[in-house]
Structure formats: C-alpha cells, structure tokens
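Data block below; observations after.
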Amino acid sequence: MKSSFLCAAAAASLATHAATAVPASAAPTKAEILAPIFKSYRAEIECLARAIYFEARSESTAGQHAVARVVLNRVDSAYYPDTVCGVVYQNQHMRNACQFSFACDGTNLAINEQPAFEKAMALAIVNYSCDSACRAWQGDISRSTHYHADYVNPFWSAKLERTGQVGSHIFYYTATR
C-alpha cells in the first residue's frame, strides 16, 4: 500500500513539473551541466600531477605511483580534506608544516622539466581512476597515508606503521598503537 501511494505521489509530482517545465531552448546544455565537473576533474588531476612532479619526479615510476597513492588515500580518509587539491595544499600557509613540502617550503613552483611534468600528468590520470584491483600490485604501500625522504626522521614516523620504502621515500600508514 505504501509503495502505491509513493508511486501516485511521484506521478502527481511529475505531472506538476511537466506542466511547469522550462522550454528546451532555456534548459542548460549537456556541456553547461558537465563543465563544472570537467573543470573540477582537471584541477584534481593538475594538483595530483604537481604533487608527483615536485615530490617524486626523480623517483622511479613505482615511487611516483606510491606518492600519488598517499595523496589519494588521504582524500579517502575522514582525517584529511576530501579533494586532491585540498590534501596537497593542506597547511600551505604554515612554512614547513605540511605533508607535501613543495606546497609550504617556499620552493619555486615553476614547471621547468616539461617531459617530467607530462609523465606526472599521465600518472595522475592513471592513479585518479585506480580502483582496489589496480592498487593490489603495490602491496602494503598502497594503503599509505604518509611518507618522508630517507634522509630525514620526522617525529611522527615513530607513531605510524611503516608500510615500505620505494626509492628514497619511506611510507607509513596511520595506525593506532
């Protein structure tokens, strides 16, 4: 009985909206509807590519994938911003107090190695669309939420679970101990 009532209500609502529908010429086009989505997607890819480029361009492809994974794992976590750009530039206003050092250490942010940036863009696109099946090859590193260069020893590393090392980056997962 409840479902037939809902169906009748939905039909009545649809009839009301149909009678007051906007003429087709005034309705937004598909391109107008999708433009903000595409703009957002491009911005997210660009932010991810910049993180890969500035943080890992001298690393192997596997190392660059791992850095991208950290960014995306943070996006998926309730403890960090929910966009790639939000994660990458979190605390950018606090000198040397952010996860992605290029964002807050005063580094020149010009892209000077175009082939390296093009590779970073390609890796950003691949990683942005990566699901759990494509992450499986990375093992424990695929769940990492932090990393640092092997020549530093940040205070927070002792509090996290080490997931591995790729090149000169050591990776960690936020685990409670």
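The values are calculated or read from the model by the stated rules, or taken from the named source; none is laboratory data. Here the structure is a predicted model, which means the values were calculated and not measured. We place every Cβ from the backbone using ideal geometry, glycine too, and count neighbours over all the protein chains shown.
The condition of being more than 19 Å from the chain's Cα centre (by Cα), more than 15 Å from residue 69 (Cβ to Cβ) and surrounded by 13 or more Cβ atoms within 10 Å (Cβ to Cβ) holds for only one of 111, 170, that being 111. Restricting 112, 108 to residues that are polar (S, T, N, Q) and either at positive phi or modelled with pLDDT of 90 or more (or both) narrows the list to 112.
Residues that are surrounded by 16 or more Cβ atoms within 10 Å (Cβ to Cβ) and charged (D, E, K, R) within the stretch 142-161 comprise 143, 161, listed in sequence order.
For residue 83, are the conditions met, namely being surrounded by fewer than 20 Cβ atoms within 10 Å (Cβ to Cβ), under 30 Å from residue 155 (Cα atoms) and modelled with pLDDT of 90 or more? Against the criterion (surrounded by fewer than 20 Cβ atoms within 10 Å (Cβ to Cβ), under 30 Å from residue 155 (Cα atoms) and modelled with pLDDT of 90 or more), residue 83 qualifies. You will find that of 66, 49, 56, the residue that is touching a helix residue (DSSP H, G or I) at 6+ places or on another chain (Cβ under 8 Å), over 18 Å from residue 163 (Cα atoms), small (Gly, Ala, Ser) and at pLDDT 90 or above is 49 and no other. The C-beta contact set for the stretch 47-72 (first residue over 22 Å from residue 174 (Cβ atoms) and of a type in the set (Phe, Trp, Tyr), second residue crowded, with 24+ Cβ neighbours inside 10 Å and modelled with pLDDT of 95 or more, distance under 8 angstrom, 6+ apart or interchain) comprises 53/120. Residue 103 falls short on exactly one of the conditions (1) closer than 28 Å to residue 41 by Cβ; (2) more than 20 Å from the chain's Cα centre (by Cα); (3) hydrophobic (A, V, I, L, M, F, W, C); (4) buried (at least 17 other Cβ atoms within 10 Å of the Cβ), and that condition is (2). Checked against (1) more than 21 Å from residue 167 (Cβ to Cβ); (2) assigned to a helix (DSSP H, G or I); (3) modelled with pLDDT of 90 or more, residue 38 passes all but condition (3).
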